[in-house]
Structure formats: structure tokens, C-alpha cells
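All remarks here apply to the structure that follows.
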Amino acid sequence: QVSSVRKQLKLHATTLFKIPSPFTARLAGLLSDLGATSSEIERIRPKTTTESTKRSSEDGDNEKQKSKRKKVDEEDEEERAAPQQEEQDSDKLANVIAEKLTPEMATELVLI
């Protein structure tokens, strides 16, 4: 039974981990505790806009300069919007959890 509960927790934690949120570090730790390998965690980690900008900026020097300016602008915007974004992300994550949490799953979580 314990392995079944661990498998279910890993499945649901993986689903939650795919959603960008401020809790990704905690979920990554939980997933590793549940038996997920580091390569598995990196594979399902949500992509951020800065990572996709890094890939596209490798095309040329002019592109690099533009992406650097864009990154600085994005970072400034992120710093200003960070508290609001964290609250929105928390609300989204809470809604997803509430939708997927069944009475049976809650019982299993309590029994662990």
C-alpha cells in the first residue's frame, strides 16, 4: 500500500510541478524524496521565458544584444510584478490542487 500511495503522490506532484509556480523547488525536493531521478525532474521542469530567450539569442551578435536588453527589461518587470505574480501563481496552484484532490486522496495523504 505504501508503494501505491508513493506512486500516486509522485504522479500528482509531477502534474503540479509542470505548472510554473514559486513552489517548484519544494516540489522538486518532494519528487526526489518520492524516487524521481534528477534527470527526470529536469525533463519535466517548466521552461521559463529567459531560457527560451537564451536559446534564440544564439543566432547572432545583434540578437544577443537585443536579448540582453529584453532580459533586463523582463527582470525589471518581473521584480515589479513579483508579489502579484506569486499571489496569482499560488491561487492557480491552489485551484489545481482543489480540483484534483479527492476525498480518497486526502485520506491517503493523512494516513502517510
- prompt: Which condition number in (1) open to solvent by less than 40 Å² (accessible area, probe 1.4 Å); (2) modelled with pLDDT under 85; (3) within 23 Å of Ala98 (Cα to Cα) is the one that Leu31 fails?
  reply: (2)
task: Please work out which residue is most open to solvent (accessible area, probe 1.4 Å), limiting yourself to region 1-12 and to residues that are touching a residue at least 12 places away in the same chain (Cβ under 8 Å) and within 11 Å of Gly35 (Cβ to Cβ).
output: Arg6
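I need the full set of residues from region 86-112 which are among the polar types (S, T, N, Q) and in a helix (DSSP H, G or I), in order please. Spell out the reasoning first.
To start, the set of residues in region 86-112 that are among the polar types (S, T, N, Q) comprises 88, 90, 95, 102, 107.
Scanning region 86-112 gives Gln88, Ser90, Asn95, Thr107.
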query: How many residues are modelled with pLDDT of 85 or more, open to solvent by 70 Å² or more (accessible area, probe 1.4 Å) and not basic (Lys, Arg) when one looks only at region 34-58?
result: 4
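The values are calculated or read from the model by the stated rules, or taken from the named source; none is laboratory data. Every value quoted in this text rests on a predicted model; they were computed, and no experiment measured them. So basically every Cβ, Gly included, is an ideal-geometry build from the backbone, and we count neighbours across all protein chains shown. Keep in mind that these areas ignore ligands, DNA and RNA; they rest on the heavy atoms of the full protein, side chains included. Shrake-Rupley method; radii C 1.70, N 1.55, O 1.52, S 1.80 Å.
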